[in-house]
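Quick notes on the structure that follows.
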Amino acid sequence: MKNNYSNTILLLIIMITSSATIYYYYEYKETSETNRNLLQNFEELHMDINLLINFGNGTVLYFNQTSIPIFFTMYDSTLLITNNTVDSTYYEEFDSYFVNSIFDMEGNSTHGWYAWEFKNNKWVISNNGSNNIQLSSGDTIAWYFQSFEYFDKDIPN
């Protein structure tokens with residue numbers, strides 16, 4: 001009798017552990033599929049850009065292949081990438097932000113921050129406020145702290 005009781009307990013333990021193993025296996029598969037779908041959705045809602053910040057004193061920061069949400073402008077991207085260390089002034093009449101400082105490097109009476117875009121294999125200074133520069137995947141943009149006197153004579157890198 002004792003042997004039947006032991007066999008029954010052993011059989012119940014095997015059934016419970018088998019059931020738990022099967023349950024957790026299917027939960028793992030479902031979670032893996034959910035994670036794959038989330039990653040795919042994330043990739044569809046983000047794009048990679050390159051941002052260069054040239055402080056004009058030999059210090060240049062590169063943020064290559066940085067993931068940003070789609071539909072972000074140059075201004076939005078700069079805020080995100082620099083962790084909101086941008087001080088700016090909005091001018092309603094131009095619907096544009098004027099960037100006063102980035103990473104505490106503040107413009108003054110001789111120097112300021114200029115937005116640049118790398119288009120057709122050359123650097124072009126932007127004629128628009130950075131909040132009006134719509135980005136696409138793979139774009140390369142730059143902020144260059146330059147002298148007002150030479151702002152269009154030198155390129156960001």
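Values quoted throughout were computed directly from the atomic coordinates according to the rules given, and no laboratory measurement underlies them. Bear in mind the structure is a predicted one, so any value in this text is a computation, not a measurement. Quick reminder, even Gly has a Cβ in these numbers, built from the backbone with ideal geometry, and neighbours come from all protein chains shown.
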Inset, instruction - Loop only per DSSP, at most 11 neighbouring Cβ atoms within 10 Å: give me the chymotrypsin sites (Phe, Trp or Tyr not before Pro) in segment 57-151, ordered by residue number. - result: Phe71, Tyr150
Legend entry - 5 angstrom amide H check on Ser126, placed H, neighbours 5+ away: Ala115, Trp116, Glu117
Legend entry - Label corresponding to Kirkwood radius over Cα pairs in Å when calculated from the structure given, among (i) 15.2; (ii) 18.5; (iii) 19.3: (iii)
Legend entry - Loop GluC sites (Glu not before Pro), segment 61-157, which have at most 13 other Cβ atoms in a 10 Å radius of their Cβ (DSSP): Glu149
Legend entry - Most positive-pole-ward Cα, Ser18, Asn54, Tyr75, against dipole of segment 1-88 from beta carbon charges: Ser18
Legend entry - Relative contact order of segment 47-147, pairs being alpha-carbon contacts under 8 Å that are 6 or more residues apart, as %: 36 percent
Inset, instruction - Step through the residues of segment 99-106 one at a time and calculate ³J(HN,Hα) from phi using the Karplus curve (6.51 cos²θ - 1.76 cosθ + 1.60, θ = phi - 60°), rounding each to whole Hz and writing x for Gly and Pro. - result: 7, 7, 7, 9, 6, 6, 8, 9
Inset, instruction - Would you mind checking the tilt of helix 2-45 against the longest principal axis of the Cα atoms of the chain, expressed as 0 to 90 degrees and rounded to 10? - result: 20 degrees
